[in-house]
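Report on the structure given below.
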């Protein structure tokens, strides 16, 4: 009988404890670590090319790393970094290698010279932008490449034709503050960088976003100046068929990629070519500020 009484007592004690625990709020206790961040189902894929077949800029690695980190830190895109052009193709490469079908945009970071692209790759790249409506961002020397490929110049908007002032404190005008890639810049500002002079380029075919203030430039005894109109674009946006194209000459120096203004410009440019934001590509007349002094 005594064992039965003990058993009944323990059973009643267990029931009482359970009921009390159910009625008493539990303490928060130590916080558990958050679950691993899941990749967004809308994650985009960006192919970043840094091949150099001509002059090699010290800032190529900095630019490629910055673009990778922008996507990784925000979770907006996954960047694949390459210093070759093998993935610029629609062919099935096997070996777990990706091709253009996988990507939503392409970024050329100071590529120079004639890149290793055969005719089929060139056709696939142009179709990627023009026909499939995918994006292209050109950084600095992306204008100093593929001179023997006319359609590339048409797509990006022109080619490099010297940098008359080398690396200097460039006086820049923000021509379209409504555009997402440059709206964080003031109307007028200065950046220490190397500004390219574009040839076979026309503002009638692009939306000039940033340009040099011609009234604040030194023209004396400068044989590198070839543009008689003294119209030097610093950044522009355009359409190429269905695809969005952005180019800027900013990013020549390694220090430029530590500049939050420059990083934000390219971050927003990539978002724009990916279709995440909207901005006009319509051309507009050259602003009057300083133009008379520059002629």
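All of the numbers you see were taken from the coordinates with simple rules; none came from a lab. Being a predicted model, the structure only gives us computed values, none of them experimental. Note that we place each Cβ from the backbone using ideal geometry, even for glycine, and neighbour counts take in every protein chain shown.
Brief remarks follow.
- Percent of beta bridges antiparallel (DSSP, segment 44-294, rounded to nearest 5): 50 percent
- Computed label-point distance, nm, for sites residue 131 and residue 58 using a 7 Å Cα→Cβ extension: 4.3 nm
- Euclidean distance of C-alpha centroids, segment 233-249 and segment 92-162, integer Å: 13 Å
- Normalising by residue count, segment 44-294 has a Cα convex hull of 114 Å³ per residue.
- Divided by 2.2 N^0.38 Å, where N counts the residues, the Cα radius of gyration of segment 47-137 comes to 1.07.
- Summary value for segment 44-294: 21 percent relative contact order, contacts being C-alpha pairs under 8 angstrom separated by 6+ residues.
- Residue order, fewest to most surrounding Cβ atoms within 10 angstrom, among 201, 165: 165, 201
- Burial ranking of peptide ranges 243-249, 181-187, 276-282 (average Cβ count within 10 Å, highest at the top): 243-249, 181-187, 276-282
- Residue exposure proxy: 109, 137, ordered by other Cβ atoms within 10 angstrom of their Cβ from fewest to most, comes out as 137, 109.
- Overall, the ratio between the Cα radius of gyration of segment 154-275 and 2.2 N^0.38 Å, rounded to two decimals, is 1.01.
- Extension gain, residue 151 to residue 86, is 21.4 nm, computed as 0.36 nm per intervening residue step minus the present C-alpha separation.
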